[in-house]
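*Asks:* What follows is a single structure, and I will ask about it in a moment.
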Amino acid sequence: MDLMEISVERKMGREEVARLLHQLADSLARHNGVDFKKDGVKVNIRVPDEVTVEFEVEIESDESSIEVEISW
């Protein structure tokens, strides 16, 4: 059972998504973790030195997606 799950989906411009991914990468590189907010509560997720990364690309006729999952 999950202790906490944060799930957000919204429309963004491509450049805005790129900035978000850069912020995530910078946070992982500089602070060894990432911060998320849910209902006004800030949660810091510490990320260990070694993780498993999964990339999934789906190309369909009406929609395509790229999924990146980082787990440990």
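*Asks:* Tell me what the chain gives for mean residue ellipticity at 222 nm when only DSSP H runs of n ≥ 4 count, each as -39,500 (n - 2.57), the sum divided by the residue total, rounded to 500 deg cm²/dmol.
*Replies:* Mean residue ellipticity, 222 nm, calculated: -8500 deg cm²/dmol.
*Asks:* Just need the relative contact order of the chain here, percent rounded to a whole number, with Cα pairs under 8 Å and 6+ apart.
*Replies:* Across the chain, relative contact order equals 18 percent.
*Asks:* With loop defined by DSSP as not H, G, I, E or B, and exposure as at most 12 other Cβ atoms within 10 Å, which is the longest segment of the chain clear of exposed trypsin sites (Lys or Arg not before Pro)?
*Replies:* Segment 12-72 is the longest.
*Asks:* On to the next question. For PHE36 and ASP62, what does the FRET efficiency come to when R0 = 35 Å and r is the distance between their Cβ atoms, rounded to the nearest 0.05?
*Replies:* My answer for the efficiency is 0.65.
*Asks:* Here is a further query. Which of the following values of log10 I(q)/I(0) by the Debye sum over Cα atoms at q = 0.18, 0.23, 0.24, 0.26 Å⁻¹ was calculated from the structure shown: (i) -0.98, -1.41, -1.45, -1.47; (ii) -0.69, -1.13, -1.22, -1.39; (iii) -0.71, -0.93, -0.98, -1.06?
*Replies:* (i)
*Asks:* While we're looking at this one, here's another question. Go through the range 54-66 residue by residue and turn each phi into a ³J(HN,Hα) via Karplus (6.51, -1.76, 1.60, θ = phi - 60°); whole Hz please, and just put x for glycine and proline.
*Replies:* 10, 10, 9, 10, 10, 10, 10, 5, 10, 7, 10, 8, 10
*Asks:* Could you run the Karplus curve 6.51 cos²θ - 1.76 cosθ + 1.60 with θ = phi - 60° over the range 26-39 and give me ³J(HN,Hα) per residue in whole Hz, x for Gly and Pro?
*Replies:* 4, 5, 5, 6, 8, 10, 6, x, 9, 10, 10, 10, 9, 6
Where a number appears in this text, it was derived from the coordinates with a stated rule and is not lab data. In this text, all values refer to a predicted model and were calculated from it rather than measured experimentally. Virtual Cβ from ideal backbone geometry, glycine too; neighbours counted across all protein chains shown.
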